[in-house]
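These notes concern the structure reproduced below.
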Amino acid sequence: MKDLHSDLEKELMGLSPSRTGTGFEQRISDALGLQGELLVQDINIEEKVIPLGIVRNWIIAASLIFLLGFIGVSIYFQKFMSQTLANSPIAHAQPDNVKNIALTPDSLPMVKNAIGPWQPRDREAILVEVRNEGIVREPELPPAQQFRYRYYDTSTFTDTADNSRMRVTVPREQVFQVKLEPY
Amino acid sequence: MSLIKKDTMWKEWFAQHGPRLLLFARQQARNDYDAEDILQEAFVRIWRLYGHTGEIAPGLVFQAIRRLSIDYARRDIRRQHREKKADEADRIECGSVQWFESSLEKKECHIQLEEAIRQLSSKHQEVLMLKIWGELTFEEIGKTLEIPLHTAASRYRHALTYLKSILSRQPK
């Protein structure tokens, strides 16, 4: 079939289609506008595309900077918190509790035995002041909060011979240190 | 990044493919004025979509021409355009424009061939034009005309047979 029409095909191929009119290109140019004049091929691809290696290196560098920053902030924060905690006690000592401790009879350094004809009849320790003296630091010791207690120890003696009484009042100071453990 | 004007790119492409596209548009349209409109619209559409790559397949424009021709036939655009540009319509009358260029020495022969082609049915004309001057494969012709590949091949063979028959009847 192809051989039958090959001559005719050759003859047809000898015909050249008519060209468009002179004004036709201008019509298309007007219709295309600016878009017809710009090509992606004109864009410098090398300038547009960033090589993968550079992107990877930047990502690694940014990650390292971030990691180092995070570690630095963590260390600083830990140190700062430790210092803050060291400056503040875990719990403030309650004067009432300390008072009870101070008033236990065994802890009173008062006269217990008779002195001559005078027999001890009564004894008491009056807490007149509790002073929080803040945090003290001794060399090679952990920090501690210091409380200073001021007492008036009063002992009453009786002479059974003439039923006379004698009262002795002695000021006393006691210092407590509450150990602080920073966390 | 720089954008450089290259206004010759589409012109180069059109200089190479424009005549065959126009021939197909003329075959599809009812008159030369519509053919130019259809060709312009089809080319601009395709170039806007794919022209930034610098090269587009002519088959895409052939397809666009075919679809636009159908649209033109359905709508009444042809009449509106004719009214709008009555002067040009008067100048370009249906069938008055030659489809092919003819040299002096073979003018007679070319005119006979063109007349024979014009006598073919539209279905045979379009296949013949896409194959001979569009330089499309039967597969591409099938896609353009939305027909099976074998139908395209069959129509082409029939077109050549009919054309030969017409030419044999013409006085030499």
For the stretch B:16-65, which residues satisfy the criterion of being open to solvent by 50 Å² or more (accessible area, probe 1.4 Å), charged (D, E, K, R) and in a helix (DSSP H, G or I)?
-> B:Glu41, B:Arg45, B:Arg48
Note: among B:Leu130, B:Leu136, B:Leu160, just one is under 14 Å from B:Leu113 (Cα atoms) and either in a helix (DSSP H, G or I) or modelled with pLDDT of 90 or more (or both), namely B:Leu160
Limited to the stretch A:109-153, what total is found for residues that are farther than 29 Å from A:Thr169 by Cβ and open to solvent by 40 Å² or more (accessible area, probe 1.4 Å)?
-> 7
Leading residue by the ranking (farthest from the other protein chains (Cβ to nearest Cβ)) among those in the stretch B:17-36 that are basic (Lys, Arg) and within 8 Å of the chain's Cα centre (by Cα) = B:Arg26
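Residues checked against (1) of a type outside the set (Val, Ile, Thr); (2) more than 30 Å from A:Pro142 (Cα to Cα); (3) modelled with pLDDT of 55 or more; (4) not assigned by TED's automatic domain parsing to the domain that holds A:Phe157:
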{"site": "A:Leu52", "(1), (2), (3), (4)": "yes, yes, yes, yes"}
{"site": "A:Ser74", "(1), (2), (3), (4)": "yes, no, yes, yes"}
{"site": "A:Lys79", "(1), (2), (3), (4)": "yes, no, yes, yes"}
{"site": "A:Pro105", "(1), (2), (3), (4)": "yes, yes, no, no"}
{"site": "A:Lys112", "(1), (2), (3), (4)": "yes, yes, yes, no"}
{"site": "A:Gly116", "(1), (2), (3), (4)": "yes, yes, yes, no"}
Restricting attention to the stretch A:7-28, and to residues there that are within 19 Å of B:Ala35 (Cβ to Cβ) and more than 7 Å from chain B (Cβ to nearest Cβ), which single residue is nearest to the chain's Cα centre (by Cα)?
-> A:Gln26
Please work out if A:Glu140 is modelled with pLDDT under 85 and at positive phi.
-> yes
Might you let me know whether the stretch B:96-113 holds any residue that is open to solvent by 80 Å² or more (accessible area, probe 1.4 Å), modelled with pLDDT of 80 or more and assigned to a helix (DSSP H, G or I)?
-> no
For the stretch B:29-56, pairs from a residue that is on the phi > 0 side of the Ramachandran plot to a residue that is open to solvent by less than 10 Å² (accessible area, probe 1.4 Å), with Cβ under 7 Å and 6 or more apart or across chains, are B:Gly54/A:Leu39
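The values are calculated or read from the model by the stated rules, or taken from the named source; none is laboratory data. If you're wondering where the values come from, they're calculated on a predicted model, not measured in any experiment. Backbone-built Cβ (ideal geometry, glycine too); neighbour counts: all protein chains shown. To get the accessible areas, we keep the full protein, side chains included, count just its heavy atoms, and leave off ligands, DNA and RNA. Shrake-Rupley method; radii C 1.70, N 1.55, O 1.52, S 1.80 Å.
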